[in-house]
Amino acid sequence: MSNDIAIEGFCDPHFNRLKNAFEQNFAGHNSAPPELGAAVAVFAGGKPVASLWAGYADSAKSKPWKEDSAVCVFSCTKAIVALCAHILVDRNQLDYDKPVSQYWPEFAQQEKSAITVRQLMSHQAGLSAIKKPLQPGKVFDWQTITEALAGQHPLWKPGTAHGYHTLAFGHLVGELVQRVSGKSLNQFVQDEITGPLNNRFLMGFDATNTDNIADLAMPSESSSMFDICQQALAADPADFTNFAEPQMLTPPIVNSSTWRGAIMPGAGGHTSAKSLATIYASIISDKPLQGRQLITKQRIAEMTEVQSLGMDKTLAMNTCWGLGMQLPGADIEFEAGRSKTAFGHNGMWGSAGFADPEADISFAYVMNQCNESAGDFRVKSLIHAVYDCI
């Protein structure tokens, strides 16, 4: 490990293998670059057993990483948006098997009146992308995107196949939450999740105050995404017209005030490892954290039932989905692979969060050094170390 990197935080001695793996990530693995800044947090038995952080929150190494440093966790955000919907189901305000259009009437356009909430939350709705080009910069506007999705014909017959709704998932489920709750998505997350748990999960925040926000760093030249990231260096967010533009998910765009100021619940959440692990721990803990049990055991059981399994029309590989949650058992694992009961969500470039009710653990890892978008060695080594300790 580099001499100028100090591992901070705490780790129960029983989980020393996790600390060792975290240190090794800063030394690097084979030809892959070492960490720039990162954090990992773990709960076991409902109690925190590790919260470790190290490195820097920027490529210039001028800002040290802190325990509460928040960074974009990309698709880890989808699990939080899904959790909002599950809370509403627990309150009998939302029903998985009712048509989406019952709660969002405009959604019934273009032969979508029969699409159910269940299909929407398991990537079966056929709305994985917006076909028509948008006005420049409107990809960051909530109303423009939700109206476009409501007015679009499905790309395949809903319920007959599944395809990852990369960015659309957050707007689709997020708009449903807003219609049912009467609150903005941000307000609902604050009132029902982060506020009671005394933690942070940011979307659409003031990008002028970034003291505790980590910037993403460019991947190495060996990364398959390097060329796309290089192209994005010259891109202006105000010019984007394609909601699925690959450059949108790269450091140059994600570090911009435009991205941070937009509500992008499919990929735009910013949080710390401690906050993300706390949310997962509060889902499965028998003893409510901060006096709050987020959802019932019945809800956990239903949201972790396999809804979609097999070839994904978007990703062209096998995926396995519950209701808004990644599940084990496909080509793209969410890296909790030692347990059939685990659920969670990965984020592009390496971040991850999950809970495992059987092992009674919750885990989160966040970082700012971009590597490959799937199968990241860093998070795998950390998760394997956790399971070796229990």
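Do you know which of the residues in the range 203-237 that are hydroxyl-bearing (S, T, Y) and more than 22 Å from the chain's Cα centre (by Cα) is surrounded by the most Cβ atoms within 10 Å (Cβ to Cβ)?
Here is the first cut: in the range 203-237, the ones hydroxyl-bearing (S, T, Y) are 208, 210, 220, 222-224.
Now narrow it down to the ones that are more than 22 Å from the chain's Cα centre (by Cα): 208, 220, 222.
On the way: T208: 8, S220: 15, S222: 11.
Ranking the candidates gives S220 first.
Of the set (1) crowded, with 17+ Cβ neighbours inside 10 Å; (2) at pLDDT 95 or above, all apply to N92 but (1). Return the residues of the range 27-48 that are surrounded by 21 or more Cβ atoms within 10 Å (Cβ to Cβ) and more than 30 Å from P357 (Cα to Cα); say none if nothing qualifies. Result: L36, single match. Of all the residues in the range 192-227, those that are within 23 Å of V117 (Cα to Cα) and of a type outside the set (A, V, I, L, M) number 1.
Which of the helices (runs of 4 or more DSSP H) found entirely inside the range 12-129 contain at least 2 residues meeting this: in contact (Cβ under 8 Å) with a residue 40 or more places away in the chain and within 19 Å of the chain's Cα centre (by Cα)? Walk me through how you get there before you give the answer.
Values: elements: 16-27, 76-90, 117-121.
The qualifying helices (runs of 4 or more DSSP H) are 76-90, 117-121.
When the range 179-202 is examined, which residues are found to be more than 14 Å from H270 (Cα to Cα), buried (at least 20 other Cβ atoms within 10 Å of the Cβ) and of a type in the set (S, T, N, Q)? Correct list: S181 only.
Answer with yes or no whether L167 is at pLDDT 95 or above, under 27 Å from R118 (Cβ atoms) and among the aliphatic types (A, V, I, L, M). Give the derivation first.
Values: at pLDDT 95 or above: yes; under 27 Å from R118 (Cβ atoms): yes; among the aliphatic types (A, V, I, L, M): yes.
Spelling it out, L167 is indeed at pLDDT 95 or above, under 27 Å from R118 (Cβ atoms) and among the aliphatic types (A, V, I, L, M).
Would you call T258 part of a helix (DSSP H, G or I), closer than 20 Å to T208 by Cα, of a type in the set (S, T, Y) and touching a residue at least 24 places away in the same chain (Cβ under 8 Å)? Here the answer is yes, as T258 does meet what is asked. The residues of the range 238-251 that are in a helix (DSSP H, G or I), touching a residue at least 24 places away in the same chain (Cβ under 8 Å) and surrounded by fewer than 21 Cβ atoms within 10 Å (Cβ to Cβ), listed by number, are A238, D239.
Selection of the range 133-152 for residues being in a helix (DSSP H, G or I) and without any contact (Cβ under 8 Å) to a residue 60 or more places away in the chain yields Q143, T144, T146, E147, L149, A150.
Answer yes or no: is there a residue in the range 84-105 that is under 16 Å from M367 (Cβ atoms) and among the aliphatic types (A, V, I, L, M).
Going residue by residue through the range 84-105, those that are under 16 Å from M367 (Cβ atoms) are none.
No, the conditions are met nowhere in the range 84-105.
Every residue, every condition in (1) out of contact with any Asp or Glu (no Cβ under 6 Å at 6 or more places or on another chain); (2) at pLDDT 95 or above; (3) among the acidic types (D, E), yes or no:
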{"residue": "G291", "(1), (2), (3)": "yes, no, no"}
{"residue": "N318", "(1), (2), (3)": "no, no, no"}
{"residue": "G324", "(1), (2), (3)": "yes, yes, no"}
{"residue": "G350", "(1), (2), (3)": "no, no, no"}
{"residue": "G375", "(1), (2), (3)": "yes, no, no"}
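Screening E302 against (1) closer than 21 Å to L197 by Cβ; (2) modelled with pLDDT of 95 or more; (3) more than 19 Å from the chain's Cα centre (by Cα) leaves a single unmet condition, (1).
Scanning the range 184-205 for residues that are farther than 13 Å from A70 by Cα and in contact with a helix residue (DSSP H, G or I) (Cβ under 7 Å, 6 or more places away or on another chain) yields S184, L185, F188, V189, E192, I193, L197, G204. For the range 153-192, filtered to residues that are part of a helix (DSSP H, G or I) and among the small types (G, A, S), the residue that is farthest from E245 (Cα to Cα) is S181.
Just checking, does the range 310-324 include any residue being part of a loop (DSSP other than H, G, I, E, B), on the phi > 0 side of the Ramachandran plot, surrounded by fewer than 18 Cβ atoms within 10 Å (Cβ to Cβ) and not basic (K, R)?
Kept after step one, since they are part of a loop (DSSP other than H, G, I, E, B), are these residues of the range 310-324: 312-317, 322-324.
Subset that is on the phi > 0 side of the Ramachandran plot: 316, 324.
Right, trim to surrounded by fewer than 18 Cβ atoms within 10 Å (Cβ to Cβ) and you get 316.
Add one more test, that the residue is not basic (K, R), and what stays is 316.
Yes, because at least one residue in the range 310-324 is part of a loop (DSSP other than H, G, I, E, B), on the phi > 0 side of the Ramachandran plot, surrounded by fewer than 18 Cβ atoms within 10 Å (Cβ to Cβ) and not basic (K, R).
The values are calculated or read from the model by the stated rules, or taken from the named source; none is laboratory data. Small disclaimer: the values here were computed from a predicted structure and weren't measured. Positions of Cβ are backbone-derived with ideal geometry, glycine not excepted, and every protein chain shown enters the neighbour counts.
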